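Novice: Sharing a structure below in structure tokens format, with a few things to ask.
The values are calculated or read from the model by the stated rules, or taken from the named source; none is laboratory data. Fair warning: this is a prediction, and the values are worked out from it, not measured in the lab. Counting neighbours? That spans all protein chains shown, and the Cβs are built from the backbone with ideal geometry, glycine included. Side chains included, ligands, DNA and RNA excluded: accessible areas come from the protein's heavy atoms. Shrake-Rupley method; radii C 1.70, N 1.55, O 1.52, S 1.80 Å.
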Amino acid sequence: MKFPRHLSKGDTIGVTGPSAGVTEATDRARFRNARARLEERGYCVVETPDTYTCDEQGRSAPAEQRVEEFDSLIEDPSVAAVYAASGGDYEFEMLPLMDWDAVESNPKWFQGYSDNTTLLFKITAEHDVATVYGGNYGDFGMEPWHPSVEQGLEFLECTRASQRSF
């Protein structure tokens, strides 16, 4: 199994909407706070355009655009981790369009839950790259962070080796 490198201060965290994006004012405020909190911690944050869009069916963008934006983060050497904007229902549409060679040759931490299990499972089980089933990007916008958010980030930073049940 390929384990992506640990996160370090100064790294860039990418955010994208591989399923749904967010459009509600509360979610946008949470995302602004998530960016501020991660920047305070020493990270740069880049958000793809599909992070803030969602059509009537719940897609952040057409599948081709979602793949292009996801791949742009995977192929960007400055991006160390990719977080999903939210869950949804349509991530499966990306599968036949993905550049799986790029995913394998540029291992990055990809984290999310709900519909993001689609990519998480395929990346881990079929392409042998470790992923994280955990909170979506908006979870970083809560005050205070739930211990699962803090500890999850600490694992990716390699400053935590164990945890107890919450």
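Novice: Of the numbered conditions (1) in a loop (DSSP other than H, G, I, E, B); (2) open to solvent by 10 Å² or more (accessible area, probe 1.4 Å); (3) out of contact with any Cys (no Cβ under 9 Å at 6 or more places or on another chain); (4) over 18 Å from Gly141 (Cβ atoms), Pro18 fails exactly one; give the number of that condition.
Specialist: The single condition Pro18 does not satisfy is (2).
Novice: While we're on this one: All but one of (1) under 18 Å from Ser105 (Cα atoms); (2) of a type in the set (Lys, Arg); (3) free of Cβ contacts under 8 Å to residues at least 12 places away in the same chain hold for Arg164; state the number of the condition that does not hold.
Specialist: Failing condition for Arg164: (1).
Novice: A follow-up question, please. For segment 77-85, state whether one or more residues are out of contact with any Ser or Thr (no Cβ under 8 Å at 6 or more places or on another chain), open to solvent by 40 Å² or more (accessible area, probe 1.4 Å) and not acidic (Asp, Glu).
Specialist: Scanning segment 77-85, I find at least one residue that is out of contact with any Ser or Thr (no Cβ under 8 Å at 6 or more places or on another chain), open to solvent by 40 Å² or more (accessible area, probe 1.4 Å) and not acidic (Asp, Glu), so the answer is yes.
Novice: Report, by residue number, each residue of segment 95-151 that is outside any helix (DSSP H, G or I), in contact (Cβ under 8 Å) with a residue 40 or more places away in the chain and either open to solvent by 40 Å² or more (accessible area, probe 1.4 Å) or of a type in the set (D, E, K, R) (or both).
Specialist: Pro107, Lys108, Asp128, Met142, Glu143
Novice: Something else about it: Give the residue, chosen from Thr48, Thr53, that is touching a strand residue (DSSP E or B) at 6+ places or on another chain (Cβ under 6 Å), buried (at least 17 other Cβ atoms within 10 Å of the Cβ), within 18 Å of Asn116 (Cα to Cα) and among the hydroxyl-bearing types (Ser, Thr, Tyr).
Specialist: Thr48
Novice: Condition test on Glu154, is it over 16 Å from Ser60 (Cβ atoms), charged (D, E, K, R), open to solvent by 20 Å² or more (accessible area, probe 1.4 Å) and part of a loop (DSSP other than H, G, I, E, B)?
Specialist: Spelling it out, it is not the case that Glu154 is over 16 Å from Ser60 (Cβ atoms), charged (D, E, K, R), open to solvent by 20 Å² or more (accessible area, probe 1.4 Å) and part of a loop (DSSP other than H, G, I, E, B).
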